[in-house]
1. Whenever you get a sec, compute what percent of the accessible area on segment 13-60 sits on carbon and sulfur atoms (1.4 Å probe).
2. If I ignore ligands, DNA and RNA and count only protein heavy atoms, how much of TYR338 is accessible to a 1.4 Å probe, in Å² to the nearest 10?
3. Of the accessible area of segment 401-477, with the probe set at 1.4 angstrom, what percent is carbon plus sulfur?
4. Provide the FRET efficiency to the nearest 0.05 for the LEU118-ALA188 pair, computing r from the beta carbons and using R0 = 45 Å.
5. Around HIS265, with a cut-off of 9 angstrom between Cβ atoms, what is the net charge of the other residues, counting Lys and Arg +1 and Asp and Glu -1?
6. Can you give the extra length, in nm with one decimal, that the chain gains between ASN434 and SER127 once fully stretched, where that is 0.36 nm per residue apart less the Cα-Cα distance?
7. Of LYS236/LYS494; LYS273/LYS489; LYS381/LYS430; LYS381/LYS428; LYS224/LYS489; LYS273/LYS494, which ones are farther than 19 Å apart at the Cα?
8. In straight Cα distance, which aspartates and glutamates are under 14 Å from LYS500, not counting same-chain residues fewer than 8 positions off?
Amino acid sequence: MNCSISGEVPEEPVVSRNSGLLFEKRLIERHISDYGKCPITGEPLTMDDIVPIKTGKIVKPRPVQAASIPGMLGMFQNEWDGLMLSNFALEQQLHTARQELSHALYQHDAACRVIARLKKERDEARSLLAQAERQFPVSAPNAITANAPVLSNGKRAAEDEDLAPGAKKIHPGISSSIISELTDCNAALSQQRKKRQIPPTLAPVEALEAYTQISSHPFHKTNKQGIISLDILYSKDLIATGGIDTNAVIFDRPSGQILSTLSGHSKKVTSVKFVAQGESFLTASADKTVRLWQGSDDGNYNCRHILKDHSAEVQAVTVHATNNYFVTASLDGSWCFYELSSGTCLTQVYDTSGSSEGYTSAAFHPDGLILGTGTTESLVKIWDVKSQANVARFDGHAGPVTAISFSENGYFLATAAHDGVKLWDLRKLKNFRNFAPYDSETPTSSVEFDHSGSYLAVAGSDIRIYQVANVKSEWNCIKTFPDLSGTGKNTCVKFGPDSKYIAVGSMDRNLRIFGFPGEDAPTES
């Protein structure tokens, strides 16, 4: 039986007492409330005239739409659309679940890395603490040559300076008084740097653009040619060079005369440095030693200490701003902090990360509390001198880091390697500019800021001078000096006082001076 109104089988059937017609209860109730009469006969009808009918549970017949082929096609279409929508919703849920899982795995991996780094730092701290505990009881300085006699120029060290085989070197460590001295120096220099101004006597860009070679001086022996290290004492305008011939030469630029030739090393001199006003002089060598020379009234230098704390080639020596301490860096993977007055190695620092690379270059930050080192594995490591902890690492170079130089403003660090020069912002610990002046077969041998922090010199197959700018501005190459040595290997470069000249060492054993033409300069040697 079908409802007289809808024509479908009613779910709640009722019948009219007056007409005997069958209705769906909800439909007839609504019709009576609206019109008050039977929808079929039109006779008056009330809810009291409606009688419910109890029926058994039966299977509903097919709907009207299923009675024809178009209706069935429509049903199938609706069911297909519903299935596709459901499938799309499931795919979206799956994609969301995958993203959440990926994020969770990334967080887990990051957490594992942080835990590993913290464990590594903990182990390093424990190692440093154990080293400090071992060093703390030691009170007497133990420099290798603390009692060594002063040696004259050209004489070798006595054989009794060597340690007994297998003897362990004990270092007293950097005391709290020394740390206070370094901190006070840092505070004073930092305060001065805030008021720093470019000196009016500095050579302007126009002068550097006109520089040309004004003199050339052949130093060192002819059978082992090559100048590989260079330093300038600004107060006296002295130039020191270190050569492959195992000698160091002190040269008076104004007079054009060699003041002293320092002999004693058995292999090439890799680094030279003046100390203070030239009273002391340092040389590092591939023979694993560092020599501390003392100046005399007659202009000569006598060897006061021979330091043998390293077990491989000593590649660099750098002097602290107090002129009371210096650091040496070696291919044995360590750097040593020395007291100048006694020649005592206060501490020898190894990288506790387990890396095996050696150090190829080193330089103090102008404020003196930070030390930069370059390695054979293309890394630049920054150390806190007070704690001797490695506080930062810069990577990205190709080949050993041949030279590093801090700018006088304290913000910039320039590093040189086989792939060129990289400039680093020490405030953000990031690389902000790269120079690749030479081809892939020509390494960059040296990089050097001038004392004012206004110019940057790069040495390789030629010499290039850049004008220092800020992080965002372009650093323009204002002058390129061609290779006049014929070797294609300019090994070291240094700015003279106020950048009035530029000193260049190369593999043909000649020290070349580039300056403004017409200036009073010594004739070529």
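The values are calculated or read from the model by the stated rules, or taken from the named source; none is laboratory data. Model, not experiment: these values are computed from the prediction. Backbone-built Cβ (ideal geometry, glycine too); neighbour counts: all protein chains shown. The accessibility values were calculated without ligands, DNA or RNA, using every heavy atom of the protein model including side chains. Shrake-Rupley method; radii C 1.70, N 1.55, O 1.52, S 1.80 Å.
1. 52 percent
2. That residue has around 0 Å² of solvent-accessible surface.
3. Summing carbon and sulfur atoms, their accessible area is 43 percent of the total for segment 401-477.
4. With R0 = 45 Å, the Cβ-Cβ based efficiency is 0.80.
5. +2
6. 106.9 nm
7. Over 19 Å Cα-Cα: LYS273/LYS489.
8. List returned: GLU206, GLU209, ASP237, ASP450, GLU519, ASP520.
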